[in-house]
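Okay, here's the structure, questions in a sec.
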Amino acid sequence: MVFNTGSALLDAIVLAIVERTPDGTYGYKITQDVRKAIEISESTLYPVLRRLQKDDCLEVYDQECGGRNRRYYQITEQGRRQLTLYQQEWGTYIKKINEILLKEDTIKL
């Protein structure tokens, strides 16, 4: 993708992906899901996960998988509130961008 991805957009994508799995999901799976929308490396993703955890948007727990511990991430209530804010802002953002780039008066979804 030719457009840079800012940290807020990346946070929103990660929160949306983690929210889809109520019992939590692990870093590699999150990376694979994010890559469906944007190109990202694991070395970029893990600082995002740590920041979201620090901001009380995600909580973590470890679970054994194949003889090794796997770290799982779950969205918190604070994370859900932040995701809702991102979703509202995203609607406004894409409408404005579509009006400029696509010369649209309204979004056609």
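Please treat every number below as a calculation from the coordinates, not as lab data. Note that the structure is predicted; figures quoted are calculated from it, not measured. Please note: Cβ atoms are built from the backbone with ideal geometry, for glycine as well, and neighbour counts cover all protein chains shown.
To keep it simple, each residue is scored yes or no on (1) aliphatic (A, V, I, L, M); (2) within 24 Å of residue 90 (Cα to Cα).
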| residue | (1), (2) |
| --- | --- |
| 7 | no, yes |
| 17 | yes, yes |
| 26 | no, no |
| 34 | yes, yes |
| 40 | yes, yes |
| 46 | no, yes |
| 58 | yes, yes |
| 64 | no, no |
| 67 | no, no |
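Tally time: how many residues in the range 1-58 are closer than 21 Å to residue 77 by Cα and of a type in the set (Lys, Arg)?
4
Which residues, taken from the range 65-99, are more than 20 Å from the chain's Cα centre (by Cα), hydrophobic (A, V, I, L, M, F, W, C) and not in a helix (DSSP H, G or I)?
Hit for the range 65-99 is 65, nothing else.
Let me ask another. How about the range 28-58: which of its residues are surrounded by fewer than 18 Cβ atoms within 10 Å (Cβ to Cβ) and in contact (Cβ under 8 Å) with a residue 40 or more places away in the chain?
51
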